[in-house]
1. Could you count how many residues in segment 333-362 are of a type in the set (Asp, Glu), surrounded by fewer than 22 Cβ atoms within 10 Å (Cβ to Cβ) and in contact with a strand residue (DSSP E or B) (Cβ under 8 Å, 6 or more places away or on another chain)?
2. So for segment 243-260 (the condition being open to solvent by less than 10 Å² (accessible area, probe 1.4 Å) and of a type in the set (Ser, Thr, Tyr)), does at least one residue qualify?
3. Under the condition of being among the charged types (D, E, K, R) and either part of a strand (DSSP E or B) or under 25 Å from Ala397 (Cα atoms) (or both), which residue from segment 326-352 is farthest from the chain's Cα centre (by Cα)?
4. Name every residue in segment 222-263 that is in contact (Cβ under 8 Å) with a residue 60 or more places away in the chain and more than 18 Å from the chain's Cα centre (by Cα), in order of residue number.
5. I need a count of the residues in segment 272-302 that are touching a helix residue (DSSP H, G or I) at 6+ places or on another chain (Cβ under 6 Å) and of a type outside the set (A, V, I, L, M, F, W, C).
6. Considering only segment 128-143, I want to know if a residue exists there that is open to solvent by 50 Å² or more (accessible area, probe 1.4 Å), assigned to a helix (DSSP H, G or I) and farther than 30 Å from Phe80 by Cα.
7. Would you confirm, using the coordinates I've provided, whether Tyr323 is more than 22 Å from the chain's Cα centre (by Cα) and at negative phi?
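The values are calculated or read from the model by the stated rules, or taken from the named source; none is laboratory data. No experiment lies behind these values; they were computed from the predicted model shown. Cβ: placed from backbone, ideal geometry, glycine included. Neighbour counts: every protein chain shown. Surface accessibility is based on the protein's heavy atoms, side chains included, excluding ligands, DNA and RNA. Shrake-Rupley method; radii C 1.70, N 1.55, O 1.52, S 1.80 Å.
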Amino acid sequence: MNPATEVKTNPNPAPELAIVNGGGAAATASAFSFPIGYYDLHPDISINFQLNRFYGWVGDDSMLTEMREGLAGVNDYPTFTKIVLDLGEKALARHEVRKGAYYLRLTEFFLPFSDPRKLPTRQRFVDLLLDHLQIAPSAYCRIPFETGWLPAYRLTPKKPRGILVVFGGFDSYIEEWLPASLVFRDAGYDTILFEGPGQGAALELAHLTMSPEWHKPVKAVLDYFHLDAVTLMGFSLGGGLVIRAAAFEPRVRRVIAYDIMTNGLECFLRPLPAPAQKELLDWIDTGNEGAVDKFFADAMAKSLLLEWMVKLGMRNTGTQTTYAMLKHYQKYETASISSRLTQDVLLMAGAEDHYVPVHQLPDQIATLTQVRSLTARLFTRAEHAQNHCQTGNMGLAFHIMIDWMTSLGPIERLTDE
């Protein structure tokens, strides 16, 4: 194995860059090994990704058979959610709690916001998973923020070797990530998971919409827990938000972008043909709101992925039109602020990520001109980790992060410098 540990302190303005490759076994929690493999379960690329995503937290191969047989020919969300919910109820009746819980999460993921089952299904998922993982209520808190609050969990080992703060992205619930948090806790890291504005309960219960000024929720979390020096990790869209937060929050001493995302608007438009992307960018730049909204109204009628993305994008930003939502996500870029970072940075990317173009990895590398050290890791098909956030071999991704943090040794506190 070639772990992501080739990082050294570099006092020069141009950072040392370690491009790390190589495979490895999946990381193992005390009672769970993350599965390795990415499967063809549905012809729609986005639905197939989500099926693999939630299977990755379960690892029960019977789930693959159930989803493949039950969902292969389904192309509308009402039928899809009905079948998945039924699979979840049957799994729970068989006392297959982890599988049943993630089936509920998959159901809720595709339920429309107007569906009265959405929030109760989410809460069942959360309650089942917390009980299954034996996470005590005392691990949970609500952090005051602006007009609402941010939900957070803290899992602390007996002798912490450092503090890791984690948040998600465009569509995540932080509870989905709890199995991974146990891996980091058991590796010795005091692990804090939180949802920021526009995410999970912060959106749905505290009614906070998403903001590119991500240093503000990070500040609230660090203030609440009285933290002076942390590793900050963001996944999916969070891979861009973590760069934005680190640019303005000096208590963030190390940064993990899991995966990179230098341009949120480009990722949003990526499912479209290249000519359509160019035309839309022209309309957005010139303020042609009517043309943008009409284009997406027509395109959403033909694409499950676009329908889901647009509705969620408007929901988590609090915007009323597709045009306004896209203008909002135009702010989710890292080029303008990356030169402010002076931390140790780990960048991760999937070679075949269908959400994030792979060129965003060298784009992000090129703009981090002042960081102390820079490590980049591109995951490949040979490792079953080529997809977004290494779905197919998440255990390998977690192993790389832990190796990288461990290789750097104890984190420096601001007062020590």
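1. 1
2. There is at least one residue in segment 243-260 that is open to solvent by less than 10 Å² (accessible area, probe 1.4 Å) and of a type in the set (Ser, Thr, Tyr).
3. Asp344
4. Once the filter is applied, which keeps residues that are in contact (Cβ under 8 Å) with a residue 60 or more places away in the chain and more than 18 Å from the chain's Cα centre (by Cα), segment 222-263 yields Tyr224, Phe225, Leu227, Asp228, Ala229, Val230, Ala247, Phe248, Pro250, Arg251, Val252, Arg253.
5. 3
6. Within segment 128-143, one or more residues are open to solvent by 50 Å² or more (accessible area, probe 1.4 Å), assigned to a helix (DSSP H, G or I) and farther than 30 Å from Phe80 by Cα.
7. yes
Every residue, every condition in (1) open to solvent by less than 20 Å² (accessible area, probe 1.4 Å); (2) at pLDDT below 95; (3) of a type in the set (Phe, Trp, Tyr), yes or no:
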| site | (1), (2), (3) |
| --- | --- |
| Ile36 | no, no, no |
| Leu51 | yes, no, no |
| Tyr77 | no, yes, yes |
| Val84 | yes, no, no |
| His95 | no, no, no |
| Gly100 | yes, no, no |
